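Undergrad: Following this message is one structure expressed as structure tokens.
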Amino acid sequence: MIRLEGVTKRYRSAAGERVALDAVDLSVARGQVFGVVGRSGAGKSTLIRTINRLETPDAGKVFVGDQEITALKPAALRAARRRIGMIFQHFNLLNAKTIAQNVAFPLRLEGRPEAEVTRRTAELLDQLGLAEHANKFPAQLSGGQKQRVGIARALACGPEVLLCDEATSALDPETTDEILSLLDGLNRDLGLTIVLITHQMEVVRRVCDRVAVLKDGRVVEEGATADVFLHPKSPVTRAMLAEGEGGETHDASVVPAGSRLAKLTFRGAATYEPELSRVARATGVDYSILSGRISRIRGEPYGQMVVAFTGGDAGAAIAQLTARGVVVETV
């Protein structure tokens with residue numbers, strides 16, 4: 001649905017030239033929720049804004065569906081943008097207009113008949129749980145309600161793609177969860193392709209099918225969310241996970257002398273099975289759990305722990321765990 005080929009963007013100022021995107025290649029499948037993460041200045045916002053050409057790349061091509069966005073003239077670009085909704089970190093609502101007027105705004109810009117504008121606005125307000133707030137103004141709403149208005153406005157023209165620029169970073173944890181549940185439902189119910197940029201690893205873990213990690217305008221890691229979270233390859237990814245809830249650490253001072261350390265990853269139904277106990281009994285090994293967690297990635301349960309094997313046949317235990325579908329990595 002979305003494809004970036006060698007996209008490069010530079011910003012020039014009196015202080016010199018800064019490369020925001022450096023020959024980025026990415027592909028997002030239709031109906032996918034794709035996350036882009038990275039620290040401040042990594043190029044996330046620039047990347048997402050090249051998709052609807054709010055930023056025009058210096059080099060490379062951007063495709064949405066079968067259209068090359070980077071090749072379109074202004075009139076054709078305006079038409080193409082009707083297929084691409086966008087929601088923002090700070091809502092970008094029109095403060096002098098009511099909630100209903102904010103949602104109706106893009107429909108009126110398109111010149112839709114007033115009866116259609118009224119009907120579509122009412123549908124969206126009802127769908128987003130905003131019907132009772134139709135005649136209020138943005139200043140009268142909470143942050144979560146404002147973001148719902150922003151989502152309703154982005155959906156007004158029936159887009160195929162929804163771009164989310166740090167859509168939850170200004171919200172408290174409970175409201176963030178509500179907005180992520182809403183986006184997840186829109187993806188499943190409407191088949192929307194969603195590109196979501198964030199610095200919050202928990203947001204990616206919660207809703208994204210795939211994720212790309214940016215550093216200094218380059219993609220340093222990309223893959224299925226579960227693979228990237230559970231088996232990160234890039235030092236950048238490992239550092240970001242260690243700072244959030246996804247990283248696993250252990251205190252080296254409590255590691256038993258002469259033990260063999262391993263990180264075990266369980267996925268799916270195996271997460272809740274006593275595989276480690278079974279293998280320990282079969283091979284005579286003792287084990288200490290040094291760190292661990294059970295959670296979910298995009299709804300799939302997983303468990304990950306660092307264990308120290310002592311006594312018995314640790315090699316046999318690792319072989320049996322591997323045979324049972326447990327991913328075992330040396331620590």
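Undergrad: Under a Cβ-Cβ cut-off of 15 Å, what is the net charge of the residues other than Ile84 that fall near it, where Lys and Arg count +1 and Asp and Glu count -1?
TA: Working: positive: Arg3, Arg30, Arg49, Arg53, Arg78, Arg81, Arg82, Arg83, Arg153; negative: Glu55, Asp66, Glu68, Glu110, Glu160, Asp165.
Cβ neighbours under 15 Å give a net charge of +3.
Undergrad: While we're on this one: Treating only the Cβ of Lys, Arg, Asp and Glu as charged (+1, +1, -1, -1), what charge dipole size does the chain show about its Cα centre? Round to the nearest 20 debye. Can you show the working numbers first?
TA: On the way: 42 positive and 39 negative charges, 187 e Å.
For the chain, the charge dipole is close to 900 debye.
Undergrad: While we're on this one: Just how many pairs of Lys in the chain have C-alpha atoms closer than 12 Å, counting pairs that are eight or more places apart or on different chains?
TA: Summing the qualifying lysine pairs gives 5.
Undergrad: So, one more: When the accessible area of the chain is computed with all protein chains present and a 1.4 Å probe, what percentage of it is carbon and sulfur?
TA: Ligands and nucleic acids excluded, carbon and sulfur give 49 percent.
Undergrad: Using a Förster distance of 35 Å, how high is the FRET efficiency between Arg188 and Ser291, based on the Cβ-Cβ distance and rounded to 0.05?
TA: After rounding to 0.05, the efficiency reads 0.55.
Undergrad: What is the Cα centroid distance between the range 251-289 and the range 118-178, reported in whole angstrom?
TA: 46
Undergrad: Among DSSP beta bridges whose residues both lie in the chain, state the antiparallel percentage, nearest 5.
TA: Beta bridges within the chain, antiparallel portion: roughly 70 percent.
Undergrad: Using only the alpha-carbon atoms, how far is helix 314-323 inclined from the longest principal axis of the chain? Give it as 0 to 90 degrees, nearest 10.
TA: 40
Undergrad: On to the next question. Quick one: which of 6-14, 87-95 comes out on top by average Cβ neighbours within 10 Å, and what's the full order, highest first? Don't skip to the answer; put the middle values down first.
TA: Working: 6-14: 13.8, 87-95: 16.8.
Sorting 6-14, 87-95 by mean packing, highest first, produces 87-95, 6-14.
Undergrad: Please determine, in degrees from 0 to 90 and to the nearest 10, the orientation of helix 99-109 with respect to the longest principal axis defined by the Cα atoms of the chain, where the helix direction is its Cα long axis.
TA: For 99-109 against the chain, the angle is about 70 degrees.
Undergrad: Can you compute the charge dipole magnitude of the range 182-313 about its Cα centre, using +1 on each Lys and Arg Cβ and -1 on each Asp and Glu Cβ, nothing else charged? Give it in debye, rounded to the nearest 20.
TA: Value, rounded to 20: 120 debye.
Undergrad: Students sometimes get this wrong: rank Lys263, Lys215 by accessible area, probe 1.4 Å, all chains present, largest first.
TA: Numbers: Lys263 45, Lys215 95 Å².
Ranked list, largest accessible area first: Lys215, Lys263.
Undergrad: Counting only other residues whose beta carbon sits under 14 Å from that of Phe63, what net charge do I get with K and R as +1, D and E as -1?
TA: Around Phe63, the charge tally is 0.
Undergrad: Okay, moving on. By the scheme Lys and Arg +1, Asp and Glu -1, what is the net charge of all other residues having a beta-carbon under 12 Å from that of Leu180?
TA: -2
Undergrad: Going by Cα centres, the range 11-69 and the range 292-331 are how many Å apart?
TA: If we compute the Cα centre of each part, the gap is 38 Å.
The values are calculated or read from the model by the stated rules, or taken from the named source; none is laboratory data. Bear in mind the structure is a predicted one, so any value in this text is a computation, not a measurement. Here Cβ is always computed from backbone atoms with ideal geometry, including for glycine, and neighbour counts include all displayed protein chains. We work out accessible area using only protein heavy atoms, side chains counted, and drop any ligands, DNA or RNA first. Shrake-Rupley method; radii C 1.70, N 1.55, O 1.52, S 1.80 Å.
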